[in-house]
Amino acid sequence: MEFIRNFPFFSIVLSLFSGPLSSILGGKWAKRVNGAVIVLCGLMSCAVLWYVCRTGEAFVYTMGHFPAPWGNEIRAGVLEALMAAFFCVIMLLCMLGGSREREAEIQSSKQNLYYIMVDLLLCSLLALLYTNDLFTAYVFVEINTISACGLIMIRQNGHTFEAATRYMIMSLLGSGLLLLGLCFLYDLTGHLLMSNIQEAVRALAAQGQYQTPLLVAICLMSVGLAIKSALFPFHTWLPDAYGYSTVSSAAILSSLVSKGYIFLLVKIFYRVIGFDIISGSKVIHVLFVFGIAGMIMGSVDAIRESDIRRMIAYSSVAQIGYIYMGFGLGTAAGVIASIYHVICHASTKSLLFVAASGITQASGGRSNFMDLDGAGYRDKLAGVAFTVGSLSMVGVPMFAGFISKLFFAQAAVGHTLKMLPTLIALAVSTILNTVYFMKTVIRIYTPLKADALPEGYEEISVRRQPAKSAAMILFILLNLILGLNSEPVIRLIERGLEMFS
């Protein structure tokens, strides 16, 4: 076995054991360990991506060299490696972008606890991407949930405690439904490895046996993961969780945590059940309806919001709706568009949260729209970064969001029943996105009427916060790359889905 095949396992174990290591380190050393682990995991994921692209086939790493059904497996293909490398890049930039705020908002004695949660979160995300075992996936779903709660409540104020409690309640509800679905599936097939389950499910489908229990299992798993990824109407925990946590936490939660659950759902559709069975079931239509509802209602809630961070949080509800709407089309083109939107949304929403922190800092810590006049002039880079993120969310050409919306429209064209609703929803959602994002951009570039800066308002230069400035610049470049050179990424996604099948 070539040594590079160990890298997915090394990535998971490295991030897992860096958590306990950070518990005995001080805040500064825990921060350094966390940064090194993210970089190393990213490099190993890039190496795995290069390897599977070169060989043209996925590989399976058997844990402990025990065969199925006793052993546990890690599977790495193009799509898993691509998403692992991308997740590491986004997490590193999120940590850079919020480094200044973390030091100010988190007690020095608890700095290392924050990095423990980030390490465990990275471990769980990588495990969800690479695992070939459904129960292992469930275990890391729970680790993901606990880590995310820790990131929310690390600031320790009333808002974060309430937000973490809501998040935990909704997440445990989703986890419970997911576990019930796994139990049904295990009872029907007798397997936990994804490839073995798919063989058993295809045999049951060919014989026409146990179709109702199988449909119940699919429904339970789909609804459970939809709740955990904040699909409308299961999104009520999201605004507080994103709005009151630290900048790095909000960026990571919005861009990565929900996307890990969505990727697990893609694996269930393709590698566990089989997409031909999923597309022929009624579940796909339900996801389509709720996806469209989320696209519209998330944007409506964002328009009504007067706090910039909560507005960005409600926007995530709309973007999650886009992803589920793509799944609901029931075609490979729709899934490809959804996965590309996962990448675009992660890079753009992180940029918006980091930029919004610069805007509010330049406004004396105020996040209400009425207090943001002239913020784009006081922190010029944050103003440009927020404008780029807003244009991407609206779907202006040259930026990542335009490409994903274009792919959604192309995927819908020719669909007998869903083409018209999809195109209408895309048009309405784009108009609503324009209303609340452009309203904010206009506000931050509206000059202050006062001759002197109000108390707390300040000019912020690039040199004053080099880490955040570097993160925003790199996020902008990533957004432009995804908007101007999308073809290589689309090809990788297509190859990855072919390997899934």
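Table for the structure above
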item: Lysines whose Cα lies under 17 Å from that of LYS267, excluding same-chain neighbours fewer than 8 positions away; result: LYS228, LYS259
item: Sites LYS282 and TYR445, calculated FRET efficiency, Cβ-Cβ separation with R0 51 Å, nearest 0.05; result: 0.60
item: PHE7 accessible area, assembled protein chains, probe 1.4 Å, Å²; result: 40 Å²
item: Protection proxy ranking of 265-272, 479-486, 460-467 - average other beta-carbon atoms within 10 Å, highest first; result: 265-272, 479-486, 460-467
item: Potential lengthening between VAL60 and MET398 on full extension [0.36 nm per residue; Cα-Cα distance subtracted]; result: 117.9 nm
item: Candidate lysines for bridging to LYS418, where Cα separation is under 18 Å - those fewer than 8 sequence places away on the same chain excluded; result: LYS282, LYS405
item: Distant-in-sequence amide H partners of ASP133 (H built 1.01 Å from N, under 5 Å); result: GLU73, MET194
item: Tilt relative to the chain, helix 419-444 - C-alpha long axis, 0 to 90 degrees, to 10; result: 30 degrees
item: Prolate/oblate/rounded label for the stretch 373-501 (Cα gyration tensor, a/c 1.5); result: oblate
item: Mean Cα-pair separation over length for the chain, i.e. relative contact order, pairs under 8 Å, 6 or more apart, %; result: 15 percent
item: Gain in span if fully extended, LYS110 to LEU43, counting 0.36 nm per residue against the direct Cα distance; result: 21.2 nm
item: On Cα atoms only, tilt of 308-328 relative to the major axis of the chain in degrees; result: 20 degrees
item: Relative contact order computed over the stretch 396-501 (Cα-Cα under 8 Å; 6+ residues apart), in percent; result: 52 percent
item: Segment VAL13-LYS380, length gained on full extension (0.36 nm per residue, minus Cα span); result: 128.0 nm
item: MRE, 222 nm, helices only [DSSP H, n ≥ 4, -39500 (n - 2.57), over the chain, to nearest 500]; result: -24500 deg cm²/dmol
item: Contact order normalised by residue count of the stretch 29-170, Cα under 8 Å, 6+ apart, percent; result: 23 percent
item: Accessible surface, the stretch 100-256, averaged per residue in Å² (probe 1.4 Å); result: 34 Å²
item: Separation of the LEU484 and GLU199 label points, Cα + 7 Å toward Cβ, nm; result: 4.9 nm
item: Set of lysines with alpha-carbon distance to LYS31 below 17 Å, sequence-local pairs under 8 removed; result: LYS110, LYS468
item: Pairwise FRET efficiency - GLN207 versus MET438, Cβ, R0 = 45 Å, nearest 0.05; result: 0.20
item: Pairwise label distance in nanometres, ALA36 with ALA427, each label 7 Å out on the Cα-Cβ vector; result: 5.7 nm
item: The chain: angle of helix 7-23 to the longest principal axis, Cα-based, in degrees nearest 10; result: 50 degrees
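The values are calculated or read from the model by the stated rules, or taken from the named source; none is laboratory data. Since we're looking at a predicted model, the values are computed, not measured. Don't worry about glycine lacking a Cβ; one is built from the backbone with ideal geometry, like all the others, and counts go over all protein chains shown. These accessible areas exclude ligands, DNA and RNA; they are computed on the full protein's heavy atoms, side chains included. Shrake-Rupley method; radii C 1.70, N 1.55, O 1.52, S 1.80 Å.
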